[in-house]
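Bear in mind that the values in this text are calculations on the coordinates, not laboratory data. Here the structure is a predicted model, which is why all the values come from computation and not from measurement. Heads up, the Cβs are rebuilt from the backbone with ideal geometry, glycines too, and the neighbour counts pull from every protein chain shown.
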Amino acid sequence: MDFSIPEETKERLARVREFVEHELYPIEKIDQGTSFRDLLPILNDKRAAVRALGFWQPQVPQEHGGMGLRFLDHALLSEELGKSPYGHYAFGAQAPDAGNIEILIEYATEEQRERWLQPLLTGETRSCFSMTEPDRPGSNPVWMDTTAVREGDDYIINGHKWFTTSADGAAYAIVMAVTNPAAQPHKRASQIIVPTDTPGFKLVRNISCMGHAGDEWMSHAEIIYENVRVPVDNRLGEEGAGFAIAQSRLGAGRIHHCMRWIGVAERALDLMCRRAVGREIAPGEMLASRHTVQNSIAESRAAIDAARLMVLNAAWKIDHVGAKEARIEISTIKFFTARTMLDTVDRAIQIHGALGISDDTVLQSFYRHERSARIYDGPDEVHKRVVARQILKDYGYTRL
Ligand SMILES: Cc1cc2nc3c(=O)[nH]c(=O)nc-3n(C[C@H](O)[C@H](O)[C@H](O)COP(=O)(O)OP(=O)(O)OC[C@H]3O[C@@H](n4cnc5c(N)ncnc54)[C@H](O)[C@@H]3O)c2cc1C
């Protein structure tokens, strides 16, 4: 098996790494107590610099203005971007737009592409994805209350959503709503584009999470859809195809998340090591001399390397046999990588002592923002069940 990375990829990764370290790490120093809105002028400058380097939207095919990187190449690049909380945003590869761009490229009509995809490709607008509801379990997404009822050439949408990431300031939401209540559970819902200035679209609040409500791209909104009227032409794909569309991009989406989390873990390990060699714990004795600290470093190194190999293997399998065949690998990396990242961030904070709790390093931001990795895109338990079910099937146990 050949684990070598092609020279061209290595060079690209080195250039991206340099950009992230020199241009994006310094933003962390000024973001303390600053809203995302206030950071936008700086981030827009960084985006312009990324474009000038030819690194804009690495995941988007060249014919749509992106770099058109192969899946594995983009996965590796995603790790570099993940080292900064602003990496994906600066490169135009941020969730949820990246996923919405994929969906629109695949399922939108020419007219829809022109109107909704084009502004995302240029970065002139943002979008969001509105599926989870406060009164229904997101882990069982086929059970939802939001409806889109047809009236002539329009849908009338009513529902209550929350944790719609980046809705604040977005131009439109792609809303998952029940259009075919009598159909099989997986064929009941459709994805419908709703401009956020449509009457009846009510952004109730940016939900305060871990003490911060956030704003703009860095926020999660509660939204009421009250008699929201949009043309039937705003539907993506066939009526009732909402879950099939969502499913089609889950594999790629999880690889991108996982590689970003590996970037977070690498950054935390780097900070851990810098602190270990820079902090005197007694006169002339560095923190790095303590075995427990060495253990933390070694455990983190091993777990991150294991996670990366697992993610790249899953990406390779998706490339070669498709996401359906790779579903066990995809579920395995989802919970394993999330845990690896969170364990590493926690160890890094511990080794920093009080400094790790303070806002003086990026660790607190990782700790607050990334805890949710074990919940969104399927909670740990759901993915472990998928894996265990497959293994136990080989032992004749099929009641899971
Ligand atoms: C930061 C963040 C961003 C998000 N962004 C978006 C977004 O942009 N758009 C969107 O639509 N949604 C978004 N979500 C919502 C996310 O998809 C849901 O939170 C997730 O699907 C879980 O649903 P729930 O919160 O309703 O938890 P529930 O479904 O109520 O589950 C609660 C807990 O029960 C346990 N559990 C659930 N199922 C099982 C099972 N089968 N076996 C054992 N235990 C189980 C798990 O521990 C789980 O965490 C986001 C969430 C977060 C935290």
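A cut-off of 5 Å between modelled amide H atoms, ignoring neighbours fewer than 5 places along the same chain, links Val175 with Ser130, Ile192, Ile193, Val194.
So what's the gap between the Cα centers of segment 268-316 and segment 1-51, to the nearest angstrom? For segment 268-316 versus segment 1-51, the Cα centre distance is 23 Å. Using a cutoff of 8 angstrom between alpha carbon atoms and counting only pairs six or more residues apart, the relative contact order for the chain works out to 13 percent.
Sort His369, His383 so the one with the fewest other Cβ atoms within 10 Å of its own Cβ comes first.
Going from least to most buried by this count: His369, His383.
In plain terms, the residue of His160, His256 with the fewest other Cβ atoms within 10 Å comes first and the most crowded comes last, giving His160, His256. Residues considered: Leu309, Leu117, Leu81. Largest GNM mean-square fluctuation over the chain, using C-alpha springs under 10 Å, is found at Leu309. Each residue in Leu203, Leu24 was given a count of other beta-carbon atoms within 10 angstrom of its own, and listing them fewest first yields Leu203, Leu24.
P(r) tail, the chain: Cα-Cα pairs separated by more than 26 Å, 56% of all pairs. Amide H contacts of Ser219 (H built 1.01 Å from N, in plane; Pro and chain starts excluded): Ser166 sit under 5 Å, all sequence-distant by 5 or more or on other chains.
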